[in-house]
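Down below is the structure, laid out as structure tokens.
The values are calculated or read from the model by the stated rules, or taken from the named source; none is laboratory data. Predicted model only: the values in this text are computed from it and were never measured. As a convention, Cβ positions derive from the backbone with ideal geometry for all residues, glycine included, and neighbour counts pool all protein chains shown. Just so you know, the surface numbers come from the protein's heavy atoms only, side chains and all, with ligands and any DNA or RNA stripped out. Shrake-Rupley method; radii C 1.70, N 1.55, O 1.52, S 1.80 Å.
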Amino acid sequence: MVGGGGGGEFEVGEVPFNPDGWGPPDSSNLNLNLPVNVPFAPFSRSDKLGRIADWTRTNFNNQNQNRNKNPSDSVFDFTNDDSFPSSGAADDDSSFRLVDGKPPPKPKFGPKWRFQQQRQLPQRRDEEVEAKKREAEKERARRDRHYHNNRSNANNMMRREPLKSSVDIQPEWNMLDQIPFSTFSKLSFSVPEPEDLLLCGALEFYDRSFDRITPKNERRLERFKNRNFFKVTTTDDPVIRRLASEDKATVFATDTILSTLMCAPRSVYSWDIVVQRVGNKLFFDKRDGSQLDLLSVHETSQEPLPEAKDDINSSYSLGVEAAYINQNFSQQVLIRDGNKVAFEEPNPFASEGEEVASVAYRYRRWKLDNDMYLVARCEVQSVVEINNQRSFLTLNALNEFDSKYSGVDWRQKLETQRGAVLATELKNNANKMAKWTAQALLASADMMKLGYVSRVHPRDHFNHVILAVVGYKPREFASQINLNTSNMWGIVKSIVDLCMKLNEGKYVLVKDPSKPQVRIYEVPADAFENDYVEEPLPEDEQVQPPTEDAEGAEPNAATNDVEEKEVVAQA
């Protein structure tokens, strides 16, 4: 600044001109008297404004800390300045407020009075909180227990012994083909309505009072020792032999064999069917003492059954028990007053004067092709009159042996959760119930009755009670369990076509015990005559129920049971 002339003058420094663009020119090309080593500190509009520089500081307070710093930056550093303590900086920072138009943030947990109210919860609310905690602990324990049970079940399944074949495969047998079940699911074939060729036997009327049975007014399952039941194979049936000689058809079978083929994809246990090609005719037979005479129990369940054959809960013992329960149940639910519905011919397997079970055989014929017909012997067990019209019934019984295996106690769930009980049985016995439905469809039964029969005590397999009887229409029940009629006949048609291409001789269809497939073997003509019969265990070798746990069962109940458990298999 220079004074003179009564006025002051202010010298403006030289302002460089940048002819190449905006902003100051490159300082390297100019010889200007400008301060050096003055850093440029970038900032934004939201930065707090404080001191920029303190030119009164003479030296560094801490040479060791500032040794690695640029000396020119020290005028901007107030961290170690005694005259500018950190507390004062904190006070300046705390007094600074950013002017912003945003609304203040809302508290996350509401006003303070809410917390003050929660501190003064009433006693009832405390009890509810404790009850919820206890329920949560119980639920957690239940999930843990369920998890460990599933782990143990999975380990048991891994340690489970492989299932055995229903028939011993001999080395001289020649395997011709093996068919995986996956190919069966794509098959479909429609057949016209069948025609009845002959009806034999006599039927008793169904007692409707059994429809009102509940677990609270259960009925004891009776034993019918004097009535004979027949399990006759196809070629031993005199009526089928007569129809074959009259060239009524080219393929002959029974409803039991056909239902086994139709429901083959649902099967787990091994089974076998003997096929005989005689001339241009095809006969599907079963072996004497075959597994087809028994009923599978818990076949499709994930819970393994005991492996020991003499155990009362093994698959074989349960199959024998279920077969005899079905026989007795089918006769107990009838009105046994001597009033019967007789058909064209008497029972073809009974001797004169012999008391036989209530059963009627319908010999029916289906058209499979232009020159191919199938004749099958179908069974119905009872008849009922509704509006002066007779309706045929099939009678079958589901049996509960131990609720620990199924997880559902029938005595507690049948009245209130009957659908859950049925769903559990469909899961554990999918193949057996599908076969019953297929047999009812083959016989054109108007109604199929399912009985729920349970043991008196889980360790007593000789005494049972009827807990409930439920009726279903076969076609509606088939759709409910996803049983496709066209697919059933498609499986039969494909197997018939395959067997018709074989040469004359004897063959056997065997379901693989460990894989979902069926194999065809060529066997000698004398196979299964006397060597492969598997009879049930004698009565004195069967496991007897403990009399102290039988809950009123007779001590000699087992000794009086052998007559009723005789399965006659002769023509």
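A few remarks follow.
- For segment 491-531 versus segment 279-318, the inter-centroid distance based on Cα atoms is 18 Å.
- Restriction of the GluC sites (Glu not before Pro) in segment 268-370 to DSSP coil positions whose beta-carbon has at most 15 other beta-carbons within 10 angstrom yields Glu307, Glu344, Glu352, Glu354, Glu355.
- Shape call, segment 453-529: gyration tensor on alpha carbons, a/c limit 1.5: oblate
- Estimated distance in nm for a label pair at Phe343 and Lys404, the labels positioned 7 Å out from Cα along Cα-to-Cβ: 4.5
- Segment 271-390: C-alpha gyration tensor shape, a/c 1.5 cut-off, then a/b vs b/c: oblate
- Members of Lys427/Lys511; Lys186/Lys449; Lys225/Lys506; Lys248/Lys506 lying beyond 25 Å, as alpha-carbon distances in this model show: Lys186/Lys449; Lys225/Lys506
- Calculated P(r) tail over 22 Å for segment 186-342, as whole % of Cα pairs: 60
- Ranked packing of 509-517, 437-445, most packed first, by mean Cβ within 10 Å: 437-445, 509-517
- Reduced Cα scattering model of segment 323-477, Debye log10 I(q)/I(0), q = 0.09 Å⁻¹: -0.36
- Site pair Arg142 and Ser444 shows an inter-label distance of 5.0 nm when each label is modelled 7 Å from Cα along Cα→Cβ.
- Ordered by solvent-accessible area of protein heavy atoms (1.4 Å probe), largest first, the residues Trp173, Trp22 come out as Trp22, Trp173.
- Inter-part distance where segment 322-346 and segment 456-489 are each reduced to a Cα centre, Å: 18
- Backbone N atoms of segment 275-316 closer than 19 Å to the 7 Å Cα→Cβ label point of Met500 belong to residues 275-285.
- The calculated P(r) of segment 235-310, using every Cα pair and 10 Å bins from 0, goes 15, 42, 25, 12, 5 in percent.
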